[in-house]
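Accompanying notes for the structure given below.
The values are calculated or read from the model by the stated rules, or taken from the named source; none is laboratory data. Because the structure is predicted, anything quoted here is derived from the model rather than measured. Here the Cβ positions follow ideal geometry from the backbone for every residue, glycine too, while neighbour counts run over all protein chains shown. Accessible surface is based on the protein model in full, side chains and every heavy atom, while ligands, DNA and RNA are left aside. Shrake-Rupley method; radii C 1.70, N 1.55, O 1.52, S 1.80 Å.
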Amino acid sequence: MQSITCYPTFVDLLGDRAKSNPDARAFVFLKDGETEQGSLTYQELDHRARAIAAYLLERANIGDRALLVYPYPAGLEFIEAFLGCLYAGIIAVPCHPPRNRQTIQDVSDRLISSGATVILTPKSTQAKLKQQLCSGDESSSARSSQWVITDQIPTSIATTWHSPALSPEAIAFLQYTSGSTGLPKGVMVTHRALLHNQQLLKLAFGHTEKLIGVGWLPLFHDMGLIGNVLQSLYVGTSCVLMSPLDFIQKPIRWLQAISTYKATTSGGPNFAYDLLCRYVTDDQLQHLDLTSWDVAFSGAEPVRPATLKQFAAKFSVCGFRYDAFYPCYGMAEAILFITGGKKAEPPQIRDVDVAALEQNQVVWSHSASTSETRPLVGCGHAWLDNQLLIVDPVTRQSCVANQVGEIWVSGSGLGSGYWQQADKTEETFNAYLANSDNGPYLRTGDLGVVREGELFITGRLHDVLVFWGLNHYPHHIEHTV
């Protein structure tokens, strides 16, 4: 397979995929999470992206921002629109599909924050969405935007597309995150950093041309977009997708898709594995074959050892292997992936003393788990040129061994900062150790400790509750409740 270093942008990569393997299926979408509703080959995907790009470039300029608002289950249409933006050199801004007042406000916030002048959406929701966005107090941006109904753009105009002159440092899209608090912030993702992060993911997960992915995660979210969709394109293989609502309504659909399509990689947050443990019946177990599943990644929220053990015990009769679990760590500011372990090695679980943890210290327990200890799941190590530091967030000095501190990250696969927010960018993306030129680092806001090269996350810096001088972590309180 051709080395990824030959591709300066993701557009160049996709064009090559369409030439070298035009008839291979890139994506399959499952209606109701069970039956094939549609699919796209690499050539079809390339043609749709070219057509949308040609249409956009008649109405917008390179570097303009475009809001992407696609309801469930418009998975393939979202992918076409996203790649169309890349092909046009227009900065995509993926959004939640508006389902309630909060998500409508979030779409409006992203529209204003990004300064988007184009709104991409399908015909089925354009009228309602326009009413929702144009009726509020901050509706002037929506009223003045170009509204583009992408499913009515004819593929025939793909021949009129001309590739814009894009550099590796060009911004591909804005990945919005609100973090723990505050209004959402748009992380600037360049083509160079995106390709580098995809290489990190490929190496860490051990992906080859045999990769078959299955995903239900939202495509406007970094794990769904970058981990499922773009990773499949990067490797040049196939991914089967379904709506997150179809998974939540009937969790077994996820495992049925893995079983049917012989998926090798699939995953999600810890809660998804909990749902499967709770709702899959013994009768349903008899119809599943999970022997192909060799990377079951778990991230985006604390990974619970009890969930890993319960899931492996329940689904071992279907061929699932505990060693397939892959706890990993990442965040939107790092595009997606920061750390992960070695494929096919079991998760690293270590007990720590609760009293010491309350004092920002880690004392590793070598005895059986008790009420005085708490298990932590390792999230692997840094890959390629990524580097981790555990830093005292107050003094900005490197922590000593077994001292809890903030996780700082450096590397080529990180975001370039927050869109139009210089102060927050300086604070988060340009951190240096005190009295040193060692940097810049990304301040993750997460707390952790490194043991023998393995990262263990203990909590979130701004979520820690301090009672009588002792630290308490919300997810530990939640687990106790």
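Residue-level check: of (1) touching a Phe, Trp or Tyr at 6+ places or on another chain (Cβ under 9 Å); (2) modelled with pLDDT under 95; (3) of a type outside the set (Gly, Ala, Ser), Arg101 misses just (1). The set of residues in region 9-50 being within 22 Å of the chain's Cα centre (by Cα) and part of a loop (DSSP other than H, G, I, E, B) consists of Thr9, Gly33. Exactly one residue out of Asp23, Asp16, Asp32, Asp12 is surrounded by fewer than 23 Cβ atoms within 10 Å (Cβ to Cβ), in contact (Cβ under 8 Å) with a residue 24 or more places away in the chain and either of a type outside the set (Gly, Ala, Ser) or under 19 Å from Thr155 (Cα atoms) (or both): that is Asp32. The criterion of at least 2 residues that are more than 27 Å from Asp16 (Cα to Cα), β-branched (Val, Ile, Thr) and modelled with pLDDT under 95 is met by none of the helices (runs of 4 or more DSSP H) wholly inside region 191-284.
Taken as a whole, region 330-342 holds at least one residue that is crowded, with 16+ Cβ neighbours inside 10 Å, in a loop (DSSP other than H, G, I, E, B) and among the β-branched types (Val, Ile, Thr).
Return the only residue of Gly417, Gly439 being in contact with a strand residue (DSSP E or B) (Cβ under 7 Å, 6 or more places away or on another chain), on the phi > 0 side of the Ramachandran plot, at pLDDT below 95 and open to solvent by less than 50 Å² (accessible area, probe 1.4 Å).
Result of the check over Gly417, Gly439: Gly439.
Of all residues in region 259-290, which are under 15 Å from Val317 (Cα atoms) and among the hydrophobic types (A, V, I, L, M, F, W, C)?
Leu276, Cys277, Val280, Leu285, Leu288, Leu290
Exactly one residue out of Gln403, Gln387, Gln359 is open to solvent by less than 70 Å² (accessible area, probe 1.4 Å) and among the polar types (S, T, N, Q), and it is Gln403. When Gln284 is tested against (1) surrounded by fewer than 23 Cβ atoms within 10 Å (Cβ to Cβ); (2) within 17 Å of Asn228 (Cβ to Cβ); (3) not hydroxyl-bearing (Ser, Thr, Tyr), just one condition goes unmet, and that condition is (2). Could you check, for region 143-163, whether at least one of its residues is out of contact with any strand residue (DSSP E or B) (no Cβ under 6 Å at 6 or more places or on another chain), farther than 23 Å from Arg50 by Cβ and open to solvent by 10 Å² or more (accessible area, probe 1.4 Å)? Scanning region 143-163, I find at least one residue that is out of contact with any strand residue (DSSP E or B) (no Cβ under 6 Å at 6 or more places or on another chain), farther than 23 Å from Arg50 by Cβ and open to solvent by 10 Å² or more (accessible area, probe 1.4 Å), so the answer is yes. Please verify whether Thr125 is among the β-branched types (Val, Ile, Thr), modelled with pLDDT under 95 and assigned to a helix (DSSP H, G or I), treating the condition exactly as stated. Yes; evaluated as a whole, the condition is true for this residue.
Within the option set Leu120, Leu56, being part of a helix (DSSP H, G or I), in contact with a strand residue (DSSP E or B) (Cβ under 9 Å, 6 or more places away or on another chain) and open to solvent by less than 40 Å² (accessible area, probe 1.4 Å) holds for one residue only, Leu56. One residue is enough: does region 319-328 have a residue meeting the conditions crowded, with 20+ Cβ neighbours inside 10 Å, under 29 Å from Val93 (Cα atoms) and in contact with a Cys (Cβ under 8 Å, 6 or more places away or on another chain)? There is at least one residue in region 319-328 that is crowded, with 20+ Cβ neighbours inside 10 Å, under 29 Å from Val93 (Cα atoms) and in contact with a Cys (Cβ under 8 Å, 6 or more places away or on another chain). Looking across region 383-424, the residues that are in a strand (DSSP E or B), in contact with a helix residue (DSSP H, G or I) (Cβ under 8 Å, 6 or more places away or on another chain) and not acidic (Asp, Glu) come down to Val409, Tyr418.
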